[in-house]
Amino acid sequence: MHNPVSLPPGAQLLLADAPAQLLPARELMAFTLASHIILVPMGVALPLITLIMHYRGLRRNDPTSLLLARRWSAVMAIQFAVGVVTGTVLSFEFGLLWPGLMGRWGDVFGIGFGVEAWAFFLEAVLIAVYLYGWRRLPPRTHFLLGLPLPATALLGAFGILAANSWMNTPQGFRLDSTGNPVDVDVWKAIFTPMFGPQYWHFVVAMFMTAGYVVAGVYAVGILKGRRDRYHRIGFAVPFTVAAILTPVQFVLGDSIARSVFQKQPIKFAAMELVWETDTHVPEYIFGRLHPDGTVTGGIKIPQLDSILAGFRPDTQVTGLTSVPAADRPDPTEATIVHWAFDIMVIIGSLLGLLVLCYAWAVWRRRKRPAAERLPRSRWFYRSAACAGVASVVAVECGWIATEVGRQPWIVYQNMRVAEAVTSTRSSTLWIMFGVVVVVYVFIFGSFLAVLLRMRTRWRLEDASAGTATPAEGPETETPYGPRAPVPGAVAGTGARAGEDGTL
């Protein structure tokens with residue numbers, strides 16, 4: 001779980017004794033984690049967003065909402081299948097690339113991975129039941145069987161975040177005379193000081209990202225002239241979910257930043273490019289830290305960092321030089337952490353402005369029919385279409401700040417990354433890295449191809465219904481029950497595919 005960085009000459013001297021396997025192992029882990037995390041928002045949040053749409057359809061007897069929920073459930077299943085592959089690769093990499101970590105500390109924090117594995121299994125079963133239940137189960141029964149899905153998704157996130165927060169603030173053990181952990185307290189190992197802030201910040205980020213991604217798809221359709229009810233509802237429901245959570249995330253983001261300030265002061269120093277411990281510390285927006293402690297580029301705002309950290313300009317902020325050079329991120333790593341943190345905050349702020357525009361437009365049209373309350377500006381929908389991609393970028397930046405900011409520790413102040421790395425030859429790791437890149441390109445390419453094929457098929461189905469509003473046709477008569485054959489479909493292919501509830 002360590003992101004790649006290029007090492008400057010100063011850091012090369014500090015890491016002269018580091019094993020050759022360290023760089024390829026970090027590069028491989030960073031690539032697989034960065035790839036997997038693209039899928040995580042949909043895995044964690046799409047079940048709940050789908051069930052909200054499903055409930056809307058049942059409550060209002062709305063075929064369009066039911067059709068959207070049914071189609072989203074198909075996307076959810078395919079995304080889960082791809083996530084199984086990328087998540088399994090990550091699980092193997094923990095043991096293959098970091099045997100020192102798992103061998104020494106697995107008994108302490110491994111419970112988190114166990115919880116995640118059980119949640120993964122339960123989620124697979126529930127997704128299968130939910131997907132199969134369309135047109136086969138009574139509406140109420142089918143919906144109720146889907147309700148545990150969001151809980152299992154959150155449980156999986158619970159396990160992973162428990163393990164990661166322990167790596168950031170390890171506790172719940174005692175070291176014996178040989179330096180090995182004993183007397184493990186499972187509850188303390190799970191509920192570490194960073195767990196609460198990190199978990200809720202992460203979960204809300206997942207729901208925001210999924211909401212903006214799904215809404216962005218329909219925003220593109222609206223920009224192309226598809227302003228029918230299908231696209232309006234498909235945009236409004238997930239975007240509203242994300243919009244409600246965006247201001248909540250500002251509060252949670254401030255909370256986790258203060259937790260880092262208190263529990264991981266060196267990481268906070270890297271995030272804010274603080275070189276020496278001092279008061280009245282300025283805030284830098286971007287900029288680059290040099291080995292001599294100077295910062296070039298960026299925008300300097302006097303005293304703001306101290307004010308943000310403790311609400312007072314005389315708040316003392318711990319600097320990177322408060323610990324030896326070997327115990328802190330090097331200048332390049334600190335710059336990467338700082339840029340990742342700044343990009344995440346800037347994207348969050350822009351999303352907040354987008355939400356204000358949305359709220360203002362809806363409030364102004366609150367007395368109009370529901371179909372006329374959405375914003376009409378094309379610039380708004382252009383921004384909404386970009387919001388999904390921007391949210392994914394913000395999630396990636398958040399993990400970069402979390403992982404690179406902890407360097408050189410894999411278990412904060414207890415084990416260095418170099419101590420945990422595998423003894424496998426570096427050339428073998430580089431070959432493995434190349435193979436994983438090729439495989440992942442194929443997997444994600446196939447994933448995209450399947451989604452595009454599903455979209456094409458759905459449009460053909462809608463067009464075959466011969467309605468002006470595509471989404472209303474296929475489900476108008478019987479939201480549940482056997483589906484009429486699609487005109488012109490080949491027997492045993494298109495008609496059956498419509499009946500089995502997978503597309």
Taking protein heavy atoms only, a 1.4 Å probe, and rounding to whole percent, the accessible area of the chain owed to carbon and sulfur comes out at 66
Residues with amide H under 5 Å of Gly298's amide H, sequence separation 5 or more or different chain, H placed in the peptide plane at 1.01 Å from N; which?
Gly287
Whole-number accessible area per residue in Å² for the stretch 316-381, which is evaluated in the context of all protein chains at 1.4 Å:
55
For the stretch 197-241 and the stretch 55-107, what is the separation of their Cα centres, given in Å?
18
Lysines whose Cα lies under 19 Å from that of Lys188, excluding same-chain neighbours fewer than 8 positions away
Lys263
In Å³ and rounded to a whole number, note down the convex hull volume per residue for the Cα atoms of the chain.
160
How long is the gain from Val85 to Gln413 if the chain were fully straight, where each residue apart is worth 0.36 nm and the alpha carbon distance is subtracted?
114.8 nm
Relative contact order of the stretch 188-319, defined on C-alpha pairs under 8 angstrom at six or more residues apart (%):
21
Relative contact order, percent, of the chain when contacts are C-alpha pairs under 8 Å separated by at least 6 residues?
21
Return the calculated 222 nm mean residue ellipticity for the chain, to the nearest 500 deg cm²/dmol, obtained by summing -39500 (n - 2.57) across DSSP H runs with n ≥ 4 and dividing by the residue count.
-23500 deg cm²/dmol
For Val450 and Ala463 in one chain, what is 0.36 nm times their gap in residues minus the Cα-Cα distance, to one decimal in nm?
2.7 nm
Which shape class, rounded, prolate or oblate, goes with the stretch 319-444 when its Cα gyration tensor gives a ≥ b ≥ c as root eigenvalues, a/c under 1.5 marks rounded, and past that a/b bigger than b/c marks prolate?
oblate
Just reorder His231, His338 by solvent-accessible area, largest first, 1.4 Å probe, all chains present.
His231, His338
Leaving out ligands, DNA and RNA but keeping every protein chain, what accessible area does Arg455 have, in Å² rounded to the nearest 10, with a 1.4 Å probe?
100
Trypsin sites (Lys or Arg not before Pro) within the stretch 173-228: DSSP coil, no more than 13 neighbouring Cβ in 10 Å
Lys224
For the stretch 136-207, what relative contact order do you get, as a whole percent, if you take Cα pairs closer than 8 Å and at least 6 residues apart?
31
Between Ala117 and Cys386, what length in nm is gained on full extension when 0.36 nm per residue of separation is reduced by their alpha carbon distance?
93.5 nm
Let me know the shape class of the stretch 232-347, please: from the alpha-carbon gyration tensor, a ≥ b ≥ c as square roots of the eigenvalues, rounded when a/c is under 1.5, otherwise prolate if a/b is greater than b/c, or oblate.
prolate
Within the stretch 278-386, which chymotrypsin sites (Phe, Trp or Tyr not before Pro) sit in a loop by DSSP and count at most 10 neighbouring Cβ atoms inside 10 Å?
Phe311
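The values are calculated or read from the model by the stated rules, or taken from the named source; none is laboratory data. Everything numeric in this text was worked out from a predicted model, so none of it was measured. Counting neighbours? That spans all protein chains shown, and the Cβs are built from the backbone with ideal geometry, glycine included. These area figures cover heavy atoms from the full protein model, side chains too; ligands, DNA and RNA do not enter into them. Shrake-Rupley method; radii C 1.70, N 1.55, O 1.52, S 1.80 Å.
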